[in-house]
Amino acid sequence: MSAAVNAYKQRMGIEEMFRDCKKGGYDVEGTSLKGNRLINMILLMTLAYSSAIFQGIELKKKQVQKYVSRRKEPKKKYRRRSTFGVGIDGEKWVNYLEQYSLEVEQLMKLTPSKRRFYQQGMRAATLIRSIS
């Protein structure tokens, strides 16, 4: 890979981080914090952000991202969700799956032809739980 392509990828990663810290995630600008309170909040946010990034990377490695969030759309310039967003969404998806497991089981009884897809989703949920 050329140096220019690598530099551009790194730049886009930084752009995603700025989006995540602004309106796409933490909304740092909307807090109106100053001084030590702002520093403390940024430190806490950095820990949480790092954790979500690591989970997002693992979800991508295990190839279960498609269960968690939509992929990049053909006409869109940027990915729909950053690695941070994928990490956050993975945990939410598993929690919702657990919360509504009875309802999902009832739906599966109505459409047995979709059972294979349900089983694939359950395997993905198991992989996601192993990351958390």
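The values are calculated or read from the model by the stated rules, or taken from the named source; none is laboratory data. Everything quoted here is computed from the prediction, not taken from an experiment. When we count neighbours, we look across all protein chains shown, and the Cβ atoms used for this are built from the backbone with ideal geometry, even at glycine. Please note that ligands, DNA and RNA were not included when accessible areas were found on the heavy atoms of the full protein model with its side chains. Shrake-Rupley method; radii C 1.70, N 1.55, O 1.52, S 1.80 Å.
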Taking only pairs six or more apart or across chains, which ones have beta-carbon atoms under 9 Å, a first residue in segment 8-30 that is surrounded by 11 or more Cβ atoms within 10 Å (Cβ to Cβ) and assigned to a helix (DSSP H, G or I), and a second residue that is at pLDDT 75 or above and of a type in the set (Gly, Ala, Ser)? 13/82; 16/82; 16/85; 17/82; 19/82; 20/52; 20/82; 20/85
Selection within segment 96-116 - open to solvent by less than 80 Å² (accessible area, probe 1.4 Å) and assigned to a helix (DSSP H, G or I): 97, 101, 104, 105, 108
Go through segment 117-132 and count every residue that is β-branched (Val, Ile, Thr) and either closer than 12 Å to residue 63 by Cα or not in a helix (DSSP H, G or I) (or both). 1
Out of the residues in segment 31-73 that are touching a residue at least 40 places away in the same chain (Cβ under 8 Å) and either under 20 Å from residue 17 (Cα atoms) or polar (S, T, N, Q) (or both), which is most open to solvent (accessible area, probe 1.4 Å)? 58
